[in-house]
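Submitted below is the structure of interest, expressed as structure tokens.
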Amino acid sequence: MAQVELNAPAPDFTLTDYQGNDVTLSQFSGMQRVLLVFNRGFF
């Protein structure tokens, strides 16, 4: 798994939102961003 270093810019990535639309990090260029990560639990 790739790791992001502390204070390094996040790599551009695309995810699907809850409505099925593709959302890319670069769409938010110039805005303040918060990245939330939800752990689905441990097995």
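The values are calculated or read from the model by the stated rules, or taken from the named source; none is laboratory data. A quick note: this is a predicted structure, and the numbers were derived from the prediction, not measured. Positions of Cβ are backbone-derived with ideal geometry, glycine not excepted, and every protein chain shown enters the neighbour counts.
Restricting attention to segment 16-35, does a residue exist that is in contact (Cβ under 8 Å) with a residue 24 or more places away in the chain and either exposed (fewer than 10 other Cβ atoms within 10 Å of the Cβ) or not in a loop (DSSP other than H, G, I, E, B) (or both)?
Looking for residues that are in contact (Cβ under 8 Å) with a residue 24 or more places away in the chain and either exposed (fewer than 10 other Cβ atoms within 10 Å of the Cβ) or not in a loop (DSSP other than H, G, I, E, B) (or both), one finds at least one in segment 16-35, hence yes.
Counting only residues that are surrounded by 10 or more Cβ atoms within 10 Å (Cβ to Cβ) and at pLDDT below 75, how many does segment 1-15 have?
The total comes to 1.
Go through Leu36, Leu6 for me and flag whichever is hydrophobic (A, V, I, L, M, F, W, C) and within 9 Å of the chain's Cα centre (by Cα). Break it down stepwise before answering.
Values: Leu6 fails: within 9 Å of the chain's Cα centre (by Cα).
It is Leu36.
So, one more: Give the residues of segment 1-15 that are without any contact (Cβ under 8 Å) to a residue 24 or more places away in the chain and part of a loop (DSSP other than H, G, I, E, B), sorted by residue number.
Answer for segment 1-15, where residues must be without any contact (Cβ under 8 Å) to a residue 24 or more places away in the chain and part of a loop (DSSP other than H, G, I, E, B): Met1, Ala2, Gln3, Val4, Glu5, Leu6, Asn7, Ala8, Pro9, Pro11, Asp12, Phe13.
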